[in-house]
Amino acid sequence: MTTAFDPVDLAGHRLDHRIALSPMTRSRAYGPGQSPTAATATYYAQRAAGGLLITEGVQPSVVGQGYPNTPGLHSDEQVRAWRGVTDAVHARGGVIFAQLMHTGRIGHPSLLPGDLHPMGPSAVTATGKVFTADGGLQDLVTPVALTEDDITRTIADFAAAARNAVAAGFDGVELHGANGYLLHQFLSTNANRRTDRWGGSAANRIRFTTEVVGAVADAIGSQRVGLRISPGNPLNDIREDDADLTYPALVDAIDPLGLAYLHLLEGADADLTALLRKQFTGTLVLNPYTPGRHTGPEDLHRIEDGTADILSFGALYLANPDLPARLAAGGPFNAPDRATFYGGDERGYTDYPTLTD
């Protein structure tokens with residue numbers, strides 16, 4: 001029986017175990033030009049320990065930013081800063097992928113320079129608020145609908161950011177197609193109201209994601225590319241009326257590319273999880289469905305029963321930099337401090353103790 005503590009090959013990288021750090025926004029890119037800092041390098045290196053790390057969402061372009069103090073990968077300055085992070089992780093034996101996240105309609109003009117404005121598949125406002133740097137919580141605005149030229153440019157931005165990630169020393173990139181951000185907005189049936197080749201049928205709504213995946217795979221090699229999806233996830237005012245059709249079609253389209261992995265943020269539909277697991281022939285990373293609680297030791301059986309190859313942990317890994325060792329020992333576990341999740345200093349970031357501490 002395979003366990004979470006058995007090694008696994010991920011696109012040519014040997015991982016010592018099957019416990020991954022899930023991508024989590026931390027809003028601490030305080031370096032020049034939305035760059036990571038030395039504290040960022042410490043944070044990820046603390047959690048390396050021979051496994052897979054997936055970074056917080058990193059915007060592939062200036063207009064892709066939706067929250068204060070989130071890092072980018074679209075400038076030379078950012079590439080140089082990220083090199084300090086990847087070097088620190090590799091020194092600890094870790095493998096690190098940068099998650100490329102374009103927030104699309106989730107954002108606010110006050111977060112963007114000049115006359116830039118949040119963009120989406122259609123001019124449909126999401127219900128909700130977003131935190132801004134100066135004005136606190138603000139209502140989400142109506143996005144500008146992407147034109148054909150905008151779509152072409154955005155796909156190129158993802159490919160350019162992926163090349164920057166490789167230049168910064170990342171082992172690969174994860175494309176964020178989940179949680180109500182731009183790729184997910186195209187997949188949805190309420191944010192995407194287009195009547196052209198990018199909207200309408202499931203085959204059309206998956207087109208933007210498949211073309212982004214294809215362009216990034218062409219730019220850096222498919223073995224360096226992962227995709228995160230969250231079928232049926234309503235976060236950020238997303239509705240998917242045909243997730244049971246959309247996601248099998250999407251997986252069928254990307255599977256022949258030979259990606260590094262598919263990262264499934266699982267919903268309540270266990271049958272869909274089983275179907276996608278069967279369809280995708282590569283490595284499946286699972287962030288399991290755990291309503292009302294964080295992913296924890298009780299979920300390790302999802303490796304043992306063959307549902308997933310790698311299990312990703314969010315808040316518990318945030319609070320326990322030596323999480324693989326703690327899981328192997330059966331605990332104890334530090335409790336995550338939600339008040340320090342976003343922004344702030346080293347508190348709740350690099351000061352969680354390890355077992356040896």
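The values are calculated or read from the model by the stated rules, or taken from the named source; none is laboratory data. Given the structure is predicted, the values throughout are model-derived calculations rather than measurements. We place every Cβ from the backbone using ideal geometry, glycine too, and count neighbours over all the protein chains shown. Note: accessible area is taken over every heavy atom of the protein model, side chains too, but ligands, DNA and RNA are not part of it. Shrake-Rupley method; radii C 1.70, N 1.55, O 1.52, S 1.80 Å.
Can you tell me how much longer the chain between HIS117 and ASP218 gets when fully stretched, taken as 0.36 nm per residue apart minus their C-alpha distance, in nm with one decimal?
33.5 nm is the gain from fully extending HIS117 to ASP218.
For HIS301, tell me the accessible area in Å² from a 1.4 Å probe, rounded to the nearest 10.
Here the accessible area works out near 90 Å².
Let me make sure I get this right: for segment 51-185, a, b and c are the square roots of the gyration tensor eigenvalues over alpha carbons, sorted descending. Under 1.5 in a/c it's rounded, otherwise prolate if a/b > b/c, else oblate. Which is it?
It is prolate, given that a/c is not under 1.5 and a/b is the larger ratio.
For ASP252, what accessible surface area do you get with a 1.4 Å probe? Give it in Å², rounded to 10.
Its heavy atoms expose roughly 100 Å² to the probe.
Can you compute the FRET efficiency between ALA203 and THR127 using 1/(1 + (r/R0)^6), with r the Cβ-Cβ distance and R0 = 30 Å? Round to the nearest 0.05.
In this case the efficiency is close to 0.60.
Hey, if we sort LYS129, LYS278 by accessible area with the 1.4 Å probe, largest down, what's the order?
These residues rank, largest area first, as LYS278, LYS129.
Quick check on the chain: helices-only [θ] at 222 nm, where DSSP H runs of length 4 and up contribute -39,500 (n - 2.57) each and the sum goes over total residues. Nearest 500, please.
Using -39500 (n - 2.57) per qualifying helix, the result is -8500 deg cm²/dmol.
Taking the full set of protein chains and a 1.4 angstrom probe, give the accessible area of TYR181 in square angstrom, rounded to the nearest 10.
20 Å²
At what distance in angstrom do the alpha carbon centres of segment 51-102 and segment 185-224 lie from each other?
Here the two parts' Cα centres lie 23 Å apart.
Charges on Cβ only, +1 for Lys and Arg, -1 for Asp and Glu, centred on the Cα centroid of segment 120-269; of GLY267, GLY172, SER188, which one is farthest towards the dipole's positive end?
About the Cα centre, the residue reaching furthest to the positive side is GLY172.
Give the carbon-plus-sulfur fraction of the accessible surface of the chain in %, rounded to a whole number; probe 1.4 Å, heavy atoms of protein chains only.
Carbon with sulfur: 51 percent of the solvent-accessible area.
Ranked by accessible surface with a 1.4 Å probe, highest first, in what order do THR2, THR103 come?
THR2, THR103
I want the antiparallel fraction of DSSP beta bridges within the chain, as a percent rounded to 5.
Counting only bridges with both partners in the chain, antiparallel ones make up about 20 percent.
Where nothing but the Cβ of Lys and Arg (+1) and of Asp and Glu (-1) is charged, how large is the charge dipole of the chain around its Cα centre, in debye to the nearest 20?
For the chain, the charge dipole is close to 260 debye.
Can you tell me the accessible area per residue over the chain, all protein chains present, probe 1.4 angstrom, in square angstrom?
37 Å²
By accessible area of protein heavy atoms, probe 1.4 Å, what ranking do PHE131, PHE333 get, highest first?
PHE131, PHE333
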